[in-house]
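Remarks on the structure that follows.
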Number of protein chains: 2
Amino acid sequence: MFAKLFTPYRINSMTLPNRLVLPAMVTRLSGEDGFVNKDITDRYVRYAQGEVGLIVVEAMAVHSAKSGPLLRICGDEFKPGLTELAQKIHGTSNSKVVPQIIHFLKIARNGWRQKIEDLSIADIQLIIEQYGQASLRARECGFDGVELHMAHAYTLSSFLSKKNKRPDLYGGKSLDNRMRLPLQVVKEVRRMVGDDFPVGVRYLGEECIKGGYTTEESQVIALKFAQAASPTIRGVDYISLSAGGKFEDAVHKDGEVLYPYTGYSGDRCMPPMEYPDGYNLHMAEAARRMLRRYGFETPVIATGKIPSPEFAEEILQNDRADLIGMARALLADPDLPRKARMGESDKIVKCIYWNVCKALDENFHQVVCGLWPKDLIQAPRSDDAIAPVWSVPAPLAVLVRSGNIRLSWKQATDNEAIMGYEVWRSDDAGASFSHIYSITTSMWTDHLAASGIRYQYYIRAYDLAGNKSVPSNVVSAELPLEVALPSEAKPIARPSFLKSTASPVIERSSTIAAVSIEESLKS
Amino acid sequence: MFAKLFTPYRINSMTLPNRLVLPAMVTRLSGEDGFVNKDITDRYVRYAQGEVGLIVVEAMAVHSAKSGPLLRICGDEFKPGLTELAQKIHGTSNSKVVPQIIHFLKIARNGWRQKIEDLSIADIQLIIEQYGQASLRARECGFDGVELHMAHAYTLSSFLSKKNKRPDLYGGKSLDNRMRLPLQVVKEVRRMVGDDFPVGVRYLGEECIKGGYTTEESQVIALKFAQAASPTIRGVDYISLSAGGKFEDAVHKDGEVLYPYTGYSGDRCMPPMEYPDGYNLHMAEAARRMLRRYGFETPVIATGKIPSPEFAEEILQNDRADLIGMARALLADPDLPRKARMGESDKIVKCIYWNVCKALDENFHQVVCGLWPKDLIQAPRSDDAIAPVWSVPAPLAVLVRSGNIRLSWKQATDNEAIMGYEVWRSDDAGASFSHIYSITTSMWTDHLAASGIRYQYYIRAYDLAGNKSVPSNVVSAELPLEVALPSEAKPIARPSFLKSTASPVIERSSTIAAVSIEESLKS
């Protein structure tokens, strides 16, 4: 089933037990002091229990600039906490762990923000040194590598950006100029940590803003990170691609600092449920193709709404990426890797990409999954093997009301506790059902249902361990098709070439077709 | 070579001579009076000379609301001009022609714009009637069909939009509500023109704005247009998909009315050169898959940076779309279909997607192609068969200066006139060259070149008929790779585990690799 996904993968000196990666994700679990605390530790140990190949710990600052709750790696005082974090993760499973390290600029509640154009050469010099020193600390703390944050709306991403307006050698139209600081950072980090310490970089495959860069440049950026601008310096050891998440299209809320995931590019960064799976995969493909063409085996991590181990395996089989990043799917169920490895994919608690986590983050709350039981700040954990059962033979009922299809059901029972219900839908007369939603209550309205389609539904209950009940009874419903024409009440002149007032019933499927050249000449 | 592209294709009562479509494109060639004039006629006759399968004439208003230069079909006084236009096109070649008909809301220079929430039921009723009457006029004028404009920032698109905020049965979350007016329009149009008159609809495959709809809904919209909300009414005869072009992210210029193609969604509507070819194809694929699943053979027209007949054929061969829309490529060379059909693809004047046409439109100028000779308002036409020749054996020279690669060349000569020069580039040691730019002068700077890549270039001169010279000599260049580290001048402590100060030369291509389970267990 998973010929590639569970093959170990070596990146420089670390060997991942599998190809699944947890990309850095804001938790807002740390205090403003920047020290590792119990909640943070619990969060990442939980991922290690789930056996994900690589854990990228959320962004920690290389400098001490003011911010909300954010981890820090900007001084030696943070090392004991980080060392303990790395040790606890290593003591849990074979998961490898790297911190993502970040530099960001100042920002104010009135909408003002510092721009990269405001930085002096001395400021730039300091950023380089801070990245170097933070990377060295990462090594000294026992992490397996370090990831340089050059994505979204932060300092190094703003240098890479096509919107970089610096008039000097660090900016303007030239990609070489825009990459100058990012490459200087790579060079300094390598100088500090040595060649045998894995150094990754996360940056944007597309900026997803007006005039932003696309894969045309991001594939060249990948190559240049691998080359490290020198034949004698080891380049980055992996490329991790994100998309969007920019300030340029962010929506400013009065009294709050501008938050870079609130615009269209924020949706492209964390595609919500209405986007197709793997929407950003073409970016990883482009970067990987470029690297291979130049003889670099540098692995590329694809991210962006990759929901299942089955889809992940398919991506690997088709050589579209080397490693698979899952953020929201692993938040929903940190045990996804372990369950898949054990052949228990069916027990995975499936992310529905409704972005409760994203909304919590945007509103400066602790980030949890909306599918978890209320008040938990970590994913539940259970080794129970007994599935929920239905108390009646046909628990599911359907009702069409006010142009919507409403499902309601009798609750299932479980030896431990019911965690939620999966809703499965078919729009092809039951030939195939897709999981379209999960919910903790016992009713749901299908706002996506449209008239003209006959839908079938069933639900499955699941418990804290992800054990699923058998499917409920199947119900079906269809919204009324007819759309009244207001003008029908009024007499309006109809053209004379139309003889009858009632439109004839027509054959739908055969009225339009490609015709051969001979036929068309006859017509 | 073109097994499908030049197969005639029947849509209801019209048979297209091939699968190429000119989508509606603003020309700004009409006067504010809305009547057909000589420039408009010349523009569309020129496309007919080029033998494109279907010409969709630029949007013409179904109502008389004030606007800039825009064709009108809102009264019988416009019929003589439109009739003559259709006749002239039909008299030129087998190209079929349909007008695109549009309703738009009011807009002011101070940024105010009327919203669909402001429309009364009587206003809505009037829109339905206006579409019906305009469609009937299209038939009476001798057009082969009619296309209903429901894309971009205009009235019917705003109803379809997920941003539709009407609180009544014409809006809100429900897709059925949002489709109510569009389907009433289809129903009324069908009532007026009859079942045997082709009716197409152009709408968005994705809105490409925050919270806009995606293919999840646009595929259902396709189905509902085919169903026409009734088993007794013939639905639309073709689906044409665009993307973006919305007001929501448009950039307001002081003193100008808000223009809906000025934001990110405007780029997605007309993807500029930095986007991959066929960037919006997944939208056509999704709609087509949905239609076929429900037994509808309704053809789907894909558009969005489809540059060549070869790529068009590939799309058809892979069943990703039924018809291929090319706007900018046909503006650059209206003879593209004829040249391809005659096996003379090499004579096509290639669009470079630098969007001079888009910029002219945004600035309210007549829309021409930046590749055309200066001062022409129509594409040049020539039957000359003699190609340009180089006056010296090695006309092309290259220079690396200020971090850029600059090409310059001796001009070629031609029996008629040189139209321009194509620049071809290789980044894989000459294994493959791509056409990356065209220019009318005799020098060019490659702003996309990045250090670390060895580029090779050649150029070809072409004349007004598109005859190409032999390739020039090949030149090669590479930008300097080294990035100086400002910190190198300063002594910074290096970690003690690093023994030597110089980084060792490393083998690049074999340092990172997937390892087998056995190997990884050993490491």
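Bear in mind these aren't lab numbers, they're just calculated from the coordinates by the rules spelled out. These numbers come from a predicted model, not from an experiment. Cβ coordinates were reconstructed from backbone atoms using ideal geometry, including for glycine residues, and neighbour counts include every protein chain displayed.
Counting only residues at least eight positions apart within a chain, or on another chain, the aspartates and glutamates with an alpha carbon under 14 Å from that of A:K79 are A:D33, A:E140. Shown here are the Rg and Dmax of the Cα trace of segment B:389-478, at 12.8, 42 Å. Taking the longest Cα principal axis of chain B as reference, the axis of helix B:121-140 is set at about 90 degrees.
Taking the Cα centre of the protein assembly as shown as origin and assigning +1 to Lys and Arg Cβ atoms and -1 to Asp and Glu Cβ atoms, the resulting dipole is close to 680 debye.
Based on alpha-carbon atoms, the Kirkwood radius and the radius of gyration of chain A give Rg/Rh equal to 1.04. Suppose R0 equals 22 Å; then what is the FRET efficiency for A:Q114 and A:F35 from their Cβ-Cβ distance, rounded to the nearest 0.05? Efficiency, from the Cβ-Cβ distance: 0.30. A crude spin-label estimate for the pair A:L399 and B:T83, with each label 7 Å from Cα along the Cβ direction, gives 6.0 nm. Rg and Dmax over the alpha-carbon atoms of the protein assembly as shown stand at 30.3, 95 Å.
For segment B:4-111, a crude dipole built from +1 on the beta carbon of Lys and Arg and -1 on the beta carbon of Asp and Glu, taken about the Cα centre, is about 340 debye to the nearest 20. Applying 1/(1 + (r/R0)^6) with r as the Cβ-Cβ distance of A:K106 and B:D42 and R0 = 60 angstrom yields a FRET efficiency of 0.55.
What are the nm distances, shortest first, from A:H252 to its equivalents in the other copies, labels at 7 Å along Cα→Cβ? In nanometres, ordered from closest: 1.4. All alpha carbon pair distances within segment A:115-165 were sorted into 5 Å bins beginning at 0; the resulting P(r) in whole percents reads 5, 18, 23, 22, 17, 10, 5, 1.
Sorted shortest first, the distances from the A:E32 label point to those of the same residue in the other copies are 5.8 nm; each point sits 7 Å from Cα along Cα-to-Cβ.
In percent, rounded to a whole number, the relative contact order of chain B is 11, using alpha-carbon pairs under 8 Å and six or more apart. Taking 28 Å as the limit for the C-alpha separation, the pairs A:K162/B:K165; B:K88/B:K246; A:K162/B:K305; A:K66/B:K163; B:K4/B:K374; A:K96/A:K224 exceed it in the case of A:K162/B:K165; B:K88/B:K246; A:K66/B:K163; B:K4/B:K374. Among B:L54, B:L281, B:L360, sorting on how many other beta-carbon atoms sit within 10 Å of each Cβ, with the fewest leading, yields B:L360, B:L281, B:L54.
Here the relative contact order of segment A:389-478, from alpha carbon pairs under 8 Å that lie six or more residues apart, stands at 35 percent.
When you restrict to C-alpha pairs under 8 Å that are six or more residues apart and normalise by the size of segment A:190-252, the relative contact order lands at 44 percent.
With its label point defined 7 Å out from Cα along the Cα-to-Cβ axis, B:G91 lies at 9.1 nm from the matching points of the other copies, in increasing order.
Placing unit charges on the Cβ atoms of the charged side chains and taking the dipole of segment B:16-122 about its Cα centre, the candidate lying farthest along the positive direction among B:G31, B:T83, B:A108 is B:A108. Taking other Cβ atoms within 10 Å as a rough exposure proxy, B:L331, B:L448 sort from fewest to most as B:L448, B:L331.
Taking the empirical scaling 2.2 N^0.38 Å for compact globular proteins as reference, segment B:357-439 has a Cα radius of gyration ratio of 1.38. In order along segment A:271-282, the Karplus-derived 3J(HN,Hα) couplings, from 6.51 cos²θ - 1.76 cosθ + 1.60 at θ = phi - 60°, round to x, x, 4, 6, 8, x, 4, x, 4, 9, 4, 4 Hz, and Gly and Pro are given as x.
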